[in-house]
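To start, the structure under review is shown below, and the notes come after it.
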Amino acid sequence: MTVVKSLDTPPAVGNFDDTVLVQISSASYTEGVPEVGVTFVAPTSGRVLITIGGGLRDNGANATRVFMAPQVFEDDSDGTVVLSPTVGQYGIGSAGEQSEFMYYSRTSLLSDLTPGRVYYARVMHQTSNTPGSPTADIACREITVSPA
């Protein structure tokens, strides 16, 4: 028989905000206002599942795409970055010239965390920064971190 300890399966944590961010134009990842993030403790496996989601659109003719991805730090947002935002492996992206919000999510495995260590994960976003007036919007953002 194996005794399961609280560090083996710390609770899942999540955060959500439905503040609409309009006319996004940053081609570099930014956290948005308000910041949507969570503090979590790495389980003994050193692995967590990170799910991000949101409502994305480009309601103009510029074909601007919106990308969202998680960023993870040791301790808090002033700590060492252990996962930089990257849409290709961990994020979601919208299609351009999409007049209505489309809702997406993605779950990814993050490994090699230090068991028992505190981490902070937040949602970051950027656009493809197509020339012209910015027309990319985000309806909501969410993040969930679960032990794996």
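Summary of computed values
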item: Any hit, segment 49-67, residues being in a strand (DSSP E or B), closer than 18 Å to Ser26 by Cβ, open to solvent by 30 Å² or more (accessible area, probe 1.4 Å) and polar (S, T, N, Q); result: no
item: Enumeration of residues in segment 76-106 that are open to solvent by 80 Å² or more (accessible area, probe 1.4 Å) and either in contact (Cβ under 8 Å) with a residue 12 or more places away in the chain or within 14 Å of the chain's Cα centre (by Cα) (or both); result: Gln89, Glu97, Glu100, Met102, Tyr103, Ser105
item: Breaking point among (1) under 18 Å from Leu113 (Cα atoms); (2) assigned to a strand (DSSP E or B); (3) in contact (Cβ under 8 Å) with a residue 60 or more places away in the chain, for Phe73; result: (3)
item: In segment 2-30, the residues that are of a type in the set (D, E, K, R) and either modelled with pLDDT of 95 or more or surrounded by 18 or more Cβ atoms within 10 Å (Cβ to Cβ) (or both); result: Asp17, Asp18
item: Given (1) at pLDDT 90 or above; (2) part of a loop (DSSP other than H, G, I, E, B); (3) open to solvent by 30 Å² or more (accessible area, probe 1.4 Å), index of the condition Thr144 fails; result: (2)
item: Output for segment 107-122, where each listed residue is assigned to a loop (DSSP other than H, G, I, E, B) and buried (at least 19 other Cβ atoms within 10 Å of the Cβ); result: Leu113
item: Residue tally, condition in a strand (DSSP E or B) and either within 19 Å of Tyr29 (Cβ to Cβ) or basic (Lys, Arg) (or both), over segment 76-106; result: 8
item: Residue, surrounded by the most Cβ atoms within 10 Å (Cβ to Cβ), within segment 31-43, restricted to residues that are in a loop (DSSP other than H, G, I, E, B) and under 12 Å from the mean Cα position of the chain (by Cα); result: Val36
item: Residue match in segment 123-139 (condition: outside any helix (DSSP H, G or I) and more than 19 Å from Ser26 (Cβ to Cβ)); result: no
item: So Pro70, is it open to solvent by less than 60 Å² (accessible area, probe 1.4 Å), more than 13 Å from the chain's Cα centre (by Cα) and at pLDDT 95 or above; result: no
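The values are calculated or read from the model by the stated rules, or taken from the named source; none is laboratory data. Just so we're clear, the structure is a prediction, and the values are computed from it rather than from any experiment. No Cβ is skipped: glycine too gets one built from the backbone with ideal geometry, and neighbour counts run over all protein chains shown. Heavy atoms of the whole protein, side chains included, go into the accessibility calculation; ligands, DNA and RNA do not. Shrake-Rupley method; radii C 1.70, N 1.55, O 1.52, S 1.80 Å.
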